[in-house]
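Structure first, commentary second.
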Amino acid sequence: MRHSTLCLLVLLLGTARAMAADGVDMVLGRIVLPRGDAPSVATTTSPRAHYVLHCAGCHRVDGAGAPEKYVPDLRQLGSFLRVDGGRLFVVQVPGVMGSGLDDRQVAEVMNWLLGTMARASLPEATAPYTADEVGRARSQPLIDVAAARARLVQQARERGVALQ
């Protein structure tokens, strides 16, 4: 407890000193001054980087998720495309809707996921997502995600498709 309090005090004092010295602190080095409207200085255009920045926090870098905490395994994402409505569902889930990515970026990340991590679960001849398709799907948010998912899982079971 005492150690964490000391670390916090050093960080706060360093931030205060850096704010007074134009963002440079002799102990902590250059730091980003806290701002509520701070733009990202780590811009990226890579779908993989967008995945790491916007998705991996919950779904993990390897896509395994945490099914015990209701975070799906994205390595099985292609299985959703094997049932009616599954393709639409995967871009309507709250994590996608609130990711901060625009429609084009979501399409790129989905296509990257399906072509890499989820390749083994992907149906043959699957068309890539487009920004227009994602935009249409996102304009119709899900009212009850759990019920929509349950319907897809039931449909998958009836077709013999493994869907968790």
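The values are calculated or read from the model by the stated rules, or taken from the named source; none is laboratory data. From a predicted model like this one, the values you see are computed outputs, not experimental measurements. With ideal geometry, Cβ positions are generated from the backbone for all residues, glycine too; neighbour counts draw on all protein chains shown. Surface areas here come from the heavy atoms of the whole protein model, side chains and all, with no ligands, DNA or RNA. Shrake-Rupley method; radii C 1.70, N 1.55, O 1.52, S 1.80 Å.
Annotations for the structure displayed:
- Take Tyr129: with every protein chain present and a 1.4 Å probe, its accessible area is about 10 Å².
- Leu142/Ala66 FRET efficiency (R0 30 Å; Cβ-Cβ; nearest 0.05): 0.90
- Accessible-area order (highest first, 1.4 angstrom probe) of the listed residues Met110, Met117: Met117, Met110
- Seen from Gly135, the other residues with C-beta closer than 15 Å to its C-beta sum to a net charge of -1, counting Lys and Arg as +1 and Asp and Glu as -1.
- Interchain or long-range residues, amide H under 5 Å from Val71's placed H: Ala66
- By average C-beta atoms within 10 angstrom, highest first, the peptides 100-107, 147-154: 100-107, 147-154
- Charge tally in the Cβ shell below 14 Å around Glu158, where Lys, Arg are +1 and Asp, Glu are -1, Glu158 excluded: +3
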